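Have a look at the structure below, then the notes.
The values are calculated or read from the model by the stated rules, or taken from the named source; none is laboratory data. Predicted model, so just to flag it, every value in this text is computed and none were measured. Virtual Cβ from ideal backbone geometry, glycine too; neighbours counted across all protein chains shown. The protein model used for the area step is the full one, side chains on, heavy atoms only, and it has no ligands, DNA or RNA in it. Shrake-Rupley method; radii C 1.70, N 1.55, O 1.52, S 1.80 Å.
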Amino acid sequence: MTALAMTACASTSETHPSRTATEQLLVARAADRAVEGLTLPIPRGTRVYVDDTYFRAENAPYAVSAIRAALSEAGYSLSPSKQEAAAVLELRAGALSLEQMRRVFGVPEMRVPINDSFNVVSIPELSVYSRRDRVGVAEFSAFLYEPSTGAPLGAIIPMTGEFRIRSHKLLMMVAWGQQRIDPGERDPGDSWREF
């Protein structure tokens, strides 16, 4: 009876999107940082149409919205169409993704082939200390032109932003530094200093 009680378990149903919520937040925060203080080489108040035709990335809609919000905050009017705009801002994405780096003091996790049939065995990490950095990276640029003539009005140097989460593990069990973002929290700060 005791053995039966100790073997009880529970399971939950989960969805598996292409990116985890943490990965999505990292990229979104990087995009927000990339557009901080965005200004254009045209007078404030100018009606600007944001053209995202060539802006292709997994989180492109969020980044485009962040750019539109930054332009609005900087005092530019957003135009619903090229025909009604005094300037067109054509966007292009350099990067909108993740970088990951893991440092291990010990033996890292490995997959070792065991025969010619491509069978492998996984060996778990055996470390004294490990550190994992996950970095959202955003880099995009743009150029301005007059919609009716196509005359250039200026270029925007690459806008770049990063957002990092760092976590640590000691003796493969004691973990710290994973950042938490609670509802209503404006800036969760640096995970290394907070934990």
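Any idea how far apart V120 and S65 come out in nm if each label point goes 7 Å out from Cα toward Cβ?
3.7 nm
At a probe size of 1.4 Å, how large is the accessible area of I114, to the nearest 10 Å²?
110 Å²
What are the residues whose amide H is under 5 Å from the amide H of S79, where those residues sit 5 or more places off or on another chain and H is modelled from the backbone?
For S79, whose amide H was placed from the backbone, the distant partners under 5 Å are V48, Y49, V50.
I'd like the carbon and sulfur percentage of the solvent accessible area for region 100-171, probe radius 1.4 Å, heavy atoms only, ligands and nucleic acids excluded.
Working: 2760 of 4530 Å².
About 61 percent, which is the carbon plus sulfur part of the accessible surface.
Keeping all protein chains in place, calculate the accessible area per residue for region 28-133 (probe 1.4 angstrom), answer in Å². Provide the component values of the computation, followed by the final result.
Details: 6350 Å² over 106 residues.
Solvent-accessible surface per residue comes out at 60 Å².
Rank these residues by their accessible area, most exposed first, probe 1.4 Å: R68, R131.
Values: R68 90, R131 55 Å².
Accessible-area ranking of R68, R131, largest first: R68, R131.
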